Amino acid sequence: MEDLRFYPTQDSQCAIDRAVSIKAGKAELIYVYIDVEPIGFNRGFYTVDVRYYYRVTADAFVGAVRPVEISGLCVFDKRVILFGSESSAKVFSSCLDEGPDAQMRRCSVPTAVVEAVDPIVLNMKLVDVCECHPCDCELTEIPPCICACFCSDLCFGNQGKRVYVSLGQFSIIRLERDTQLLMPIYDYCLPEKECTCGGNEDDPCEIFRHVKFPVDEFFPPNQAPGTPACYREVKNGCMV
């Protein structure tokens with residue numbers, strides 16, 4: 001996600017207008033909006049529109065004084081097409097919806113699920129208004145829960161300097177649908193044997209002698225995880 005528009009808080013915008021440089025901080029994924037719609041020309045497939053809302057913090061350097069921490073909002077839209085199969089059954093639930101006697105009817109559209117971790121801030125840049133992207137458009141609808149995540153109101157105007165952020169995001173988007181499966185089950189069972197460590201269970205030293213020396217805890221591995229490493233152990237205080 002390259003060059004996302006950074007919408008700062010009002011206090012942060014004042015610091016950005018006086019800043020000479022920006023140092024990247026961290027980003028937090030605070031909310032994901034998901035919308036699922038069927039595709040008319042390809043049955044069984046659905047479009048999943050995802051909007052990520054991020055809270056980004058950074059340091060703005062104003063002259064020679066200490067940097068000022070700034071925070072703001074970044075938004076990224078993504079659309080994917082996934083197969084979710086078809087179903088014409090009407091599903092009713094005992095959950096109440098807008099009334100004491102109403103039953104919630106779920107349509108045949110599958111449920112979209114997004115799993116994501118907090119992104120990595122790859123780059124931040126400070127630009128003047130004359131250098132801003134011509135395709136920038138202002139956000140018009142921000143959920144109240146998103147605005148409540150910031151200490152002050154957000155600035156969406158076109159005045160003053162702007163900040164653009166590049167983020168690296170790992171996420172999984174999938175479609176889920178309820179189905180009926182027949183699976184074998186077994187009754188509760190209790191263990192009939194006790195677990196033994198072998199040797200003399202009353203001698204802790206004997207148990208400790210069977211524990212391998214944690215070499216990696218003392219010597220960081222020279223190879224990346226997943227690659228074969230040479231076997232090392234300690235005998236009589238010497239590394240072999």
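Descriptive notes on the structure:
- Taking all protein chains as shown and a probe of 1.4 angstrom, M1 keeps an accessible surface of around 50 Å².
- Three-way shape label, segment 138-188, alpha-carbon gyration tensor, a/c 1.5: prolate
- Eligible lysines near K212 by straight Cα distance, threshold 25 Å, same-chain separation 8 or greater: K235
- Within segment 21-88, the trypsin sites (Lys or Arg not before Pro) that combine a DSSP coil assignment with at most 14 other C-beta atoms in a 10 angstrom radius are R43.
- Sequence-distant lysines (8 or more away, or on other chains) whose Cα lies within less than 23 Å of K26: K78, K125, K161
- Distance between modelled label sites at D153 and V65, nm, 7 Å Cα→Cβ extension: 2.4
- Once the Cα-Cα distance is subtracted from the 0.36 nm per residue extended length, the T57 to D178 segment shows a gain of 39.6 nm.
- Shown here for segment 1-45: chymotrypsin sites (Phe, Trp or Tyr not before Pro) in loop regions (DSSP other than H, G, I, E, B) with at most 10 other Cβ atoms within 10 Å, namely F41.
The values are calculated or read from the model by the stated rules, or taken from the named source; none is laboratory data. All values derive from a computational prediction rather than experimental measurement. Cβ atoms come from the backbone with ideal geometry, glycine included; neighbour counts cover every protein chain shown. Accessible surface is based on the protein model in full, side chains and every heavy atom, while ligands, DNA and RNA are left aside. Shrake-Rupley method; radii C 1.70, N 1.55, O 1.52, S 1.80 Å.
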